[in-house]
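Q: Have a look at this one.
The values are calculated or read from the model by the stated rules, or taken from the named source; none is laboratory data. Just so it is clear, the model here is predicted, and its values are computed rather than measured. Here the Cβ is made from the backbone with ideal geometry for all residues, glycine too, and neighbour counts use every protein chain on show.
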Amino acid sequence: MGTIGVDAYSHVIIETAELAAARKFYGDVLGVDCRPDAGWSGAGEAWVLPSGQFVVAVETASPRAFAETAAHVAYRAAPAAIDAIVARAGKAGVAVHRYAEDRPDEVKDNCYLADPDGNRIQLVAGDGPASGIGGIDHAAALCSDIEWEDDYWVEGLGVRAVHRVGWATQDFIRARAWGEGEEDMAPGTRRWDQRYRDIPGGKPGQGRKVARPNPQLFLDLGGDGRGPVLAYFLSQSHVQEPPPEAVQGTPRLALTVGDGAIDEIAAALSRSGARVEGPVVHGRGSALARSVYLRDRCGVFIEFCSRS
């Protein structure tokens, strides 16, 4: 495919203000077995999913959850399990939203909710147990410049873009429909642009609001058309980034690659100008063998890791 070939998501690291509350939500509502995994040696508490992937909860006083944005993690679940999760969410007083989608592959996967810290969750129809989530399908992060991410991943690292929003006329037509109340879209997918030029019938200097698509970039990290997919959404407000010298941190998205590819990936990332730490060798008995940590151009924490 290019320089990087990813097998799947290994784990996602989310932040929570209270581990007990996070355990209760992910256990009672999403059906996750929230017993801490004994093989996890990193920060936080790891809960293993039926797929073998991990959800890792890190307790922090001020979680970076980006609740009002398009940042989210999408989990696969059997259709019957999605129905059961929605029912349990309703009983727990958790709002469930059904939004229209931009990416064609997600048109039917429009079920969203949030955990107690505001970490947004999407449920995607797939495999898994009858009553809970089965694994991690894809994830979406925020960026301060969508063209930086496009250049970094597509031009610099050879990753294939499978869908873009905000580049085509049809995207602007759909945004107008959203602005007129005809489509209910997820937060972060649309925005209002303020125009300050005079308009007929208006006061001098009075512009108008115009509905616009918020730029989005969907990347196929596997290179075979089946994912895993990493999505970027343009941030609509300033988000405080971690210190420039920080390479490893949370929230974080972790991707599984073959152990033989770790050194090659570390070298390719270094050539691209990324801040890279590793390869880091994990201790014996750890769920992970080696990892490379980095921040992309807009400060998003990414990890490439091998399981053996």
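Q: Evaluate the following for ASP145: is it more than 30 Å from ILE173 (Cβ to Cβ) and among the charged types (D, E, K, R)?
A: So ASP145 fails the test.
Q: If I ask for residues that are under 16 Å from ILE136 (Cα atoms) and crowded, with 23+ Cβ neighbours inside 10 Å, which ones from segment 15-28 would you list?
A: Within segment 15-28, just TYR26 meets the criteria.
Q: Could you please give the count of residues in segment 74-115 that are surrounded by 14 or more Cβ atoms within 10 Å (Cβ to Cβ) and closer than 23 Å to VAL162 by Cβ?
A: 15
Q: Pick from segment 137-163 the residues that are assigned by TED's automatic domain parsing to the domain that holds VAL300 and more than 17 Å from GLY299 (Cβ to Cβ): which of them is nearest to the chain's Cα centre (by Cα)?
A: HIS138
Q: Scan segment 63-73 and give yes if some residue there is more than 30 Å from ILE265 (Cα to Cα) and either surrounded by fewer than 20 Cβ atoms within 10 Å (Cβ to Cβ) or charged (D, E, K, R) (or both), otherwise no.
A: Checking segment 63-73: at least one residue is more than 30 Å from ILE265 (Cα to Cα) and either surrounded by fewer than 20 Cβ atoms within 10 Å (Cβ to Cβ) or charged (D, E, K, R) (or both).
Q: Still on this structure, please answer the following. Can you say whether SER131 is surrounded by fewer than 20 Cβ atoms within 10 Å (Cβ to Cβ) and under 23 Å from GLU241 (Cα atoms), as far as the supplied structure shows?
A: no
Q: Restricting to segment 1-32, name every residue that is in contact with a helix residue (DSSP H, G or I) (Cβ under 9 Å, 6 or more places away or on another chain) and at pLDDT 95 or above.
A: Within segment 1-32, ILE14, THR16, ASP28, VAL29, LEU30, GLY31, VAL32 meet the criteria.
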